[in-house]
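Student: Quick one: the structure is below, and I'll ask about it shortly.
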Amino acid sequence: MKMIRRLMLPSCFGLLLAATPIAAATSGFAAETGLPPNTRTRAATSQPDHSSLSYRLGPNDRIRLKVYGEQDVSGDYEVDGSGYVSVPLAGRVRAAGLTTRQLERAIASALAKGMLRDPRVNVEVAAYRPFYILGEVKRAGEYPYKSGLTVLDAVASAGGYTYRANESKVAIRRAGSAVEDIYPLDVPVLVYPGDNIRIPERYF
């Protein structure tokens with residue numbers, strides 16, 4: 001029994017030594033980048049596709065609805081905090097998570113159940129939801145989105161970097177994601193509606 005204990009002690013000690021460099025490396029990464037270790041690093045070329053046809057609607061997006069021959073129904077509508085739009089004659093229609101083409105079909109189906117026969121519906125995005133920027137910028141907060149916006153544009157909207165900012169990379173949590181993606185800023189990085197942008201602190 002004593003021999004077994006003597007054999008186990010060096011083995012456990014070896015495992016502890018093996019784990020120490022891993023913990024140190026993780027801690028070093030967090031200290032060096034200013035980013036939490038549960039993020040993932042992404043190349044700028046791996047940015048998501050957010051073309052107008054593939055874009056998924058969400059709260060605070062504003063849509064422009066046209067129902068042909070129905071001026072009282074046509075107009076601009078905002079997706080509410082629950083992800084719905086309220087349309088006359090159609091009621092509340094789920095919009096969050098749908099593309100504009102999918103929402104067209106959903107609204108047409110809801111209208112067809114009411115007073116309209118074979119309604120022809122067109123939906124487009126009138127205004128996108130805002131993006132958010134925090135961390136090492138001078139005026140953190142919510143800002144309106146415009147097509148083609150980059151991280152550097154977003155930083156400029158927020159008054160520029162602070163003197164502590166790490167200007168070589170950015171952390172972005174895309175709308176609907178629980179994970180922050182880390183992108184290098186050696187090439188333009190696009191911002192999308194609903195993004196949460198975080199500029200990390202630089203460690204000297």
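Values quoted throughout were computed directly from the atomic coordinates according to the rules given, and no laboratory measurement underlies them. Computed from a predicted model, the values in this text were never measured in an experiment. All Cβ positions, even for glycine, are placed from backbone atoms using ideal geometry, and neighbour counts span all protein chains on display.
Student: How do Asp181, Asp195, Asp186 line up, fewest other C-beta atoms within 10 Å first?
Tutor: Lowest count first: Asp186, Asp181, Asp195.
Student: Any idea what the relative contact order of region 62-127 is, in percent, if you count C-alpha pairs under 8 Å spaced at least 6 apart?
Tutor: Once normalised by length, the contact order is 37 percent.
Student: What FRET efficiency comes out for the pair Asp153/Lys113, r = Cβ-Cβ distance, R0 = 41 Å, nearest 0.05?
Tutor: Details: r = 44 Å, r/R0 = 1.07.
According to the calculation, E is roughly 0.40.
Student: Please label the shape of region 62-127 as rounded, prolate or oblate, based on the square roots a ≥ b ≥ c of the eigenvalues of the alpha-carbon gyration tensor (a/c under 1.5 means rounded; beyond that, a/b larger than b/c means prolate, else oblate).
Tutor: Working: a/c = 1.60, a/b = 1.41, b/c = 1.14.
Prolate is the answer for region 62-127, as a/c is 1.5 or above and a/b outweighs b/c.
Student: While we're here: Place a +1 charge on the Cβ of each Lys and Arg in region 62-127 and a -1 charge on the Cβ of each Asp and Glu, then give the dipole magnitude about the Cα centre in debye, rounded to the nearest 20.
Tutor: In total the dipole reaches around 220 debye.
Student: Hey, another quick one. Under 1.5 on a/c is rounded, so check that first for region 107-204, then, if it is not, pick prolate when a/b is larger than b/c and oblate when it is not; a ≥ b ≥ c are the square roots of the alpha carbon gyration tensor eigenvalues.
Tutor: Note, shape of region 107-204 comes out prolate.
Student: Another question, if that's okay. What ranking do 116-126, 60-70 get when scored by the average of other Cβ atoms within 10 Å per residue, highest first? If you can, show how the numbers build up before the last one.
Tutor: Numbers: 116-126: 15.6, 60-70: 17.6.
Ranking, from highest mean packing down: 60-70, 116-126.
Student: Name the aspartates and glutamates eligible as straight-distance cross-link partners of Lys113: C-alpha to C-alpha under 18 Å, and not fewer than 8 places from it in the same chain.
Tutor: Answer for Lys113, where 18 Å is the Cα cut-off: Glu70, Asp72, Glu104, listed by chain and number.
Student: Also: Taking amide H atoms as placed 1.01 Å from N in the peptide plane, list the residues 5 or more away in sequence, or in a different chain, whose amide H sits under 5 Å from that of Ala165.
Tutor: Answer set, sorted by chain and number: Arg202.
Student: Is the C-alpha gyration tensor of region 93-137 telling us rounded, prolate or oblate? Criteria: a/c under 1.5 is rounded; beyond that, a/b larger than b/c is prolate, otherwise oblate. Don't jump to the answer; show the numbers that get you there.
Tutor: On the way: a/c = 4.49, a/b = 3.52, b/c = 1.28.
Because a/c hits 1.5 or more and a/b exceeds b/c, region 93-137 counts as prolate.
Student: Here is a further query. Need the list of aspartates and glutamates near Lys138 for cross-linking: C-alpha distance under 14 angstrom, and skip anything on the same chain fewer than eight residues off.
Tutor: Asp153, Glu167, Glu201
Student: Fewest to most neighbouring Cβ within 10 Å: what's the order for Phe131, Phe204?
Tutor: Arranged by neighbour count, lowest to highest, Phe131, Phe204 become Phe204, Phe131.
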